[in-house]
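The values are calculated or read from the model by the stated rules, or taken from the named source; none is laboratory data. Please read these numbers as outputs of a predicted model, since none were measured by experiment. Cβ placement follows ideal geometry from the backbone for every residue including glycine, while neighbour counts extend to all protein chains displayed. Side chains are part of the model used for accessible areas, which takes the heavy atoms of the whole protein and leaves out ligands, DNA and RNA. Shrake-Rupley method; radii C 1.70, N 1.55, O 1.52, S 1.80 Å.
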Amino acid sequence: MSELLSVDGLNAFYGDSQVLFDVSLSLDTNDVVGVFGRNGMGKTTLLNSLVNRIDRKTGTVTYGDRDISEWSTHEIIREGIAYVPEEREIYPALTVRENLDLALSSSVPDEVREDRIENVFGQFERLGERHDQRGGTLSGGEQQMLAIGRALVTDPDLLLLDEPTEGLAPVIIDDVVDILESLVTGDRSVLIVEQNIKRMLPLIDRGYMIQTGQIVDEGDSEYLAQEEIHEKYLTV
Amino acid sequence: MSDTIADIRGFARGTARRPLLALGVLLVLAVPFLFPSQSDLATEALIFGLFAISVDIALGYAGLLTLAPAAFFGLGSYTVAKIVVDYDMSFWLGFPVAIVLALLLAFAVGYIPIKRRIGHVYFVLFTLAFGAIVYDFTFVTTSLTGGSDGLGFFSPPDLFGIDLGAQTPYYYFTLLLVAVVGFGTYVLIKSDYGDVLHATRQNELRMRYLGYDTNRELMIAWLISAGISAFAGAMYVGSVGIASPSDVSFALTGDVIIWIIVGGTGTLLGPFAAAIGLVFTQEILQSVWLEGYRMLLGILFVVFVFVLPDGLMGLIRGDE
Amino acid sequence: MYEIPLITADNFITYALNGLSRGMIIFLVASGLSLIFGLIGLINFAHGSMLALGGYGTYIVIQATGNFWLGLIVSVVLVTLLGFALERKLLYWIYDEPLLGFLGTFGIGLVIEEAIAVYFGSRSYTVSSPLPESVQVLGVSYPSYRLFVILVGALVALGIGALLTKTRLGLEIHATANRQSTAEILGVDTARIYTITFVLGTGLAALAGALTAPITSMYPTIGLDYITMAFLVIIVGGMGSFKGSLVVSLIVGQIIAFGWLVLAPTYVRILIFAAAMVFILYKPRGFFGKPEVHE
Amino acid sequence: MLTVEGLTKRFDSVVAVDDVDLELREGEIHGLIGPNGAGKTTTVNLITGELSPTSGTIEFDGSDLVGLSPSSIARRGIGRSFQVVQYFPDMTVRKHLHLAVRESTRTVRSVLDRGADYSDEIQEVAETARLEDELDTIAKNLPHGQKRFLDIAMVLAMDSKVILFDEPAAGLNESETNEVREILEDLRGDYTILIVEHDIDLVRAISDRITVLHNGAVLTTDTPDNVVENTQVREVYLGE
């Protein structure tokens, strides 16, 4: 397996405040990697810094064999990285179809475009049924599906998922986890940040623990399944 | 290059500070003797300097982006002219009346936008509309304002046997008042109140949670600014002898904003000096290239906005 | 004193058409301003000077060639290019600073206005109508050129409306205006969207200037009068709302046309500005709600 | 000291804070924890007057605070710090503290009040907040950790009786977090403190009692040890 994404010595700042301290991690092609930690520990900031959606950072981010640390967000996305933000960020006034269409680059030819969108509708039937409905009228679970669909429609090589189960009712979390399961089996690399480690363990190959902006532990899913680790980094 | 700037900066702030200041004071005092033909212009320059100071309080210290300073300046000049020309009453009565009217108008206009925190963008547009209304108003209310002819002509009366209608006495009269009001403003801004405004502009949220009623503090700055603008307008009409729509025009508002940006927002002295400097520059340039003056002024302004947004005072002060 | 003219069926139609053509010009100015504000958040004070350039540019070409239509096209194209250069070289840097954006465009507007004054002097210029004849509309005889202006305004409204709601570009503009950072993570080059929108808005202002030249006389500060009105139109219409700027422009056009029957023009202006002040205080999002371009 | 009863805040259809009861006893340090979106910051914003509650009462020193503006609540003696440090970038540390002392001590609110010399109070507060050597530093030049101390110092300078700390350790490294902890320890007993914090270790170490919020409602209020043992709380945090 070859290394797809590598992060080296990443420090991230919001205004004056330093949120990440010397974070290094890597992800191989077709790997599914999790980053776990309590709220406020820097998980979202980590993903935001990978796509340069943050005030200031130092350190390098290498994707494939290219240094993308200084690229602008849309350039990184167009390179084949898709990002599902924590707050989903669905455009409320646009229809489901328009939300998906927007994510497809204008260089994608019309036929392919239609196919891709239909693929997403095949995967998420509920979105297909609601293709003409405005994003703002969807339920929380449907919005999460749309957010994921919006990432998948571009057929990305690397998928970044920020707390896909956050703020959802337990039943809906089950649905979302099912969806994630179907995603991670394909030949696609995924980086998930989550608080809810137990639901994610079956999905991931490897994972990191993050605490106050630092990577404090790492290991395969078996290692991370130990209760002591959860005790130490995740619970009260 | 930067060494030279640093040297000049050090010179202006250090050893040369007092002598420079003294030289400036002497020059200002000696204007009627050195350049007798320029006394009127110097009077105008001083008044505009005070006007720039007053607007700097609102714009530079309180962060209220107003596009209506000329409305208050004009209110000052029209009030005095109205009282002298139409009501045939004392010139002196005009001053307090002008200030009181300006305070009332400023309160009426500013109360809701300041209280509701409508934000910079809306405040700019709100005052733009207000300024446009006041300007239009001077044209249509002919019986009140004289329409496009304005209200004139008259001369200020004698004071202690000195004819203020003459150039030199009015210059010294203006100098005295500008010095007193300007110094008073300086003292006020150097007191805790200046820090309160400065802090409010930098972080209003923090100020509120330190217990400051920031609406009230901003309102006070807005009123002081309007009052002094009107006072400057009142002095101005004494010098030119006529109140006319140009006293409330958007062009005047544009000028005062240019003075403030070129001099440095929130520095008082900078806008004051820039106003005086640019009034004289205008006079010199106008004799050379009459039509092009304002274009050059505009280019200067654009350069300041994009290259030196802190203004001349910012350049002298450096990064403290 | 002002004489109140009688309203007959005939002159009612004439006034309504006058209001419509005036409203269309205001709309061309306001919609560009509104697009730029809605997307970038820039209070573009240089917008009025683009209108002035459009008008004077047309005049220059007419002096040289005698052809109004050529003048219209040339001046709109040149001003649009100027807008492109300004956005890429200057304004781009100050989008994050609303104060500098306002001051910077104010300064640029001043320079352009004064440059016009240097070249043409402060006297006003008029351009003779390229369509001097009149035609019969609804039983009244009405100047063809003004009908042409109404037509152009309507076409622009339809065209921009379709651009915003039906095209890929419109989708990207909506996404950028609504939440720039989200558009970026969907791969939209938002800097490019900013440039396109600014240039489009500038082109509309230039078009308004060229179209208005045969109707009203031109003077160097003509832009200021138009943008003051246009700013207030977009406040009442809802900043960034394309539909809002169209509807309110047309209403203001009618208010001016019929208002002049009963009040001096200046009073009509004062009333409109006063109404706008009330809107700023109590309904700052205007009639058409949130700043939304894509409807 | 400060008693919150039945506090509820609705945003449209969302209930951000749901019938919360909270009592701050005089001199205690009270932790307020809960997962994201539990309503911690909203609760703080309701107490300080930033938001007005849909229903409920907030009683302080025998009077109801509901409906008062943030500035008048602050003047009554409730100070707060912010998640994102709030300060005046271009002013010295001394000026910050001067402004904070001034508004809380002056009785006549006139513009021309030149202000007394508060150097004693400033010195004392600066020492507590580990800033005694930085009094003449311009705030924006302080390292982030010391900006955090400055935020805290301003609240102390106001001479508040109750202090609400909203994530005082956010964005700090370990040694800075320890210093914040020491500062809080120094304040114990002199002030009544509510602390909202993600750093559970810090909250556990310092609090006399902890209230856990979940989905806007109080899950439990108890001693730190009991809260940690509480199975409900553990479930909420692990999301099981």
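Keeping to the range D:1-36, report how many residues are crowded, with 16+ Cβ neighbours inside 10 Å and of a type in the set (D, E, K, R).
Residues flagged as crowded, with 16+ Cβ neighbours inside 10 Å and of a type in the set (D, E, K, R) within the range D:1-36 amount to 3.
For D:LEU194, are the conditions met, namely being out of contact with any Asp or Glu (no Cβ under 8 Å at 6 or more places or on another chain), buried (at least 21 other Cβ atoms within 10 Å of the Cβ) and more than 13 Å from chain A (Cβ to nearest Cβ)?
When the stated conditions are applied, D:LEU194 passes them.
Which one of these is more than 26 Å from A:ILE90 (Cα to Cα), at pLDDT below 85 and hydrophobic (A, V, I, L, M, F, W, C): A:ILE215, A:ILE172, A:ILE229, A:ILE210?
A:ILE229
With the requirement that a residue be in contact (Cβ under 8 Å) with a residue 60 or more places away in the chain and outside any strand (DSSP E or B), what does the range A:202-220 give you?
Those that are in contact (Cβ under 8 Å) with a residue 60 or more places away in the chain and outside any strand (DSSP E or B): A:LEU203, A:ILE204, A:ASP205, A:THR212, A:GLY213.
Return the residue satisfying two criteria in turn: it lies in the range B:62-98 and is in a loop (DSSP other than H, G, I, E, B) and more than 27 Å from B:MET219 (Cα to Cα), and of such residues it is least open to solvent (accessible area, probe 1.4 Å).
Of everything passing the filter in the range B:62-98, B:SER90 is least open to solvent (accessible area, probe 1.4 Å).
In the range A:78-100, which residues are under 17 Å from the mean Cα position of the chain (by Cα), open to solvent by less than 20 Å² (accessible area, probe 1.4 Å) and facing chain C (nearest Cβ under 8 Å)?
Answer for the range A:78-100, where residues must be under 17 Å from the mean Cα position of the chain (by Cα), open to solvent by less than 20 Å² (accessible area, probe 1.4 Å) and facing chain C (nearest Cβ under 8 Å): A:TYR83, A:PRO85, A:GLU89.
Looking at (1) within 14 Å of chain D (Cβ to nearest Cβ); (2) touching a residue at least 24 places away in the same chain (Cβ under 8 Å), can you tell me which one A:GLN226 breaks?
A:GLN226 satisfies all of (1) within 14 Å of chain D (Cβ to nearest Cβ); (2) touching a residue at least 24 places away in the same chain (Cβ under 8 Å) except (2).
Find the residue count for the range B:109-123, including only residues that are open to solvent by less than 10 Å² (accessible area, probe 1.4 Å) and over 22 Å from C:LEU42 (Cα atoms).
Number satisfying all stated conditions: 1.
Would you check which residues across the range D:52-61 are over 15 Å from D:VAL162 (Cβ atoms) and either open to solvent by 50 Å² or more (accessible area, probe 1.4 Å) or of a type in the set (Ser, Thr, Tyr) (or both) and list them?
Passing the criteria: D:SER52, D:THR54, D:SER55, D:THR57.
Can you pull out every residue in the range B:201-231 that is among the acidic types (Asp, Glu) and within 8 Å of chain D (Cβ to nearest Cβ)?
Correct list: B:ASP213 only.
Give the residue that is farthest from the other protein chains (Cβ to nearest Cβ), with candidates limited to residues of the range D:166-188 that are open to solvent by less than 50 Å² (accessible area, probe 1.4 Å) and closer than 18 Å to D:PRO224 by Cα.
D:LEU184
I'm checking my understanding of the structure. Among residues of the range A:8-44 that are at positive phi and more than 11 Å from chain D (Cβ to nearest Cβ), which one is least open to solvent (accessible area, probe 1.4 Å)?
Only one residue fits best here, namely A:GLY9.
If the Cβ limit is 6 Å and pairs must be 6+ apart or interchain, which residue in the range B:127-149 that is facing chain C (nearest Cβ under 10 Å) pairs with which residue that is charged (D, E, K, R)?
B:ASP136/C:ARG269
If we only count helices (runs of 4 or more DSSP H) wholly inside the range C:159-253, which ones have 2 or more residues that are more than 10 Å from every other protein chain (Cβ to nearest Cβ) and open to solvent by less than 40 Å² (accessible area, probe 1.4 Å)?
C:168-178, C:190-212, C:222-237
Going by the structure shown, is D:LEU99 more than 30 Å from A:GLY37 (Cα to Cα), open to solvent by less than 20 Å² (accessible area, probe 1.4 Å) and within 9 Å of another protein chain (Cβ to nearest Cβ)?
yes
Are there any strands (runs of 3 or more DSSP E) wholly within the range A:1-105 with 2 or more residues that are without any contact (Cβ under 8 Å) to a residue 40 or more places away in the chain, and if so which?
Passing ranges, in order: A:17-28.
When residues of the range D:216-238 are filtered for being in contact (Cβ under 8 Å) with a residue 12 or more places away in the chain and either within 10 Å of chain A (Cβ to nearest Cβ) or among the hydrophobic types (A, V, I, L, M, F, W, C) (or both), how many remain?
Residues flagged as in contact (Cβ under 8 Å) with a residue 12 or more places away in the chain and either within 10 Å of chain A (Cβ to nearest Cβ) or among the hydrophobic types (A, V, I, L, M, F, W, C) (or both) within the range D:216-238 amount to 10.
In the range C:31-53, which residue that is more than 13 Å from chain B (Cβ to nearest Cβ) and farther than 11 Å from C:ALA206 by Cβ is farthest from the chain's Cα centre (by Cα)?
Looking at the filtered set, the residue picked out is C:LEU39.
For C:VAL135, only one of the following conditions fails: (1) assigned to a helix (DSSP H, G or I); (2) more than 14 Å from every other protein chain (Cβ to nearest Cβ); (3) over 20 Å from the mean Cα position of the chain (by Cα). What is its number?
(1)
Being at the interface with chain B (Cβ under 10 Å from one of its Cβ atoms), in contact (Cβ under 8 Å) with a residue 24 or more places away in the chain and in a helix (DSSP H, G or I) is true for just one of C:ILE62, C:ILE116. Which residue is that?
Step by step, each of C:ILE62, C:ILE116 is checked, and only C:ILE116 is at the interface with chain B (Cβ under 10 Å from one of its Cβ atoms), in contact (Cβ under 8 Å) with a residue 24 or more places away in the chain and in a helix (DSSP H, G or I).
Touching an Asp or Glu at 6+ places or on another chain (Cβ under 6 Å), surrounded by fewer than 16 Cβ atoms within 10 Å (Cβ to Cβ), β-branched (Val, Ile, Thr) and at pLDDT 90 or above, is that true of A:THR73?
no
Tell me which residues, restricted to the range C:115-133, are at pLDDT below 90 and in contact with a helix residue (DSSP H, G or I) (Cβ under 6 Å, 6 or more places away or on another chain).
C:VAL118, C:TYR125, C:VAL127, C:SER129, C:PRO130, C:LEU131, C:GLU133
Within the range B:185-281, considering only helices (runs of 4 or more DSSP H) that don't extend past its boundaries, which have at least 3 residues that are open to solvent by 10 Å² or more (accessible area, probe 1.4 Å) and more than 20 Å from B:VAL134 (Cβ to Cβ)?
Answer list for the range B:185-281: B:192-202, B:204-209, B:214-240.
Looking only at the range B:248-257, decide whether some residue is more than 10 Å from chain C (Cβ to nearest Cβ), at pLDDT 90 or above and over 17 Å from C:PHE106 (Cα atoms).
yes
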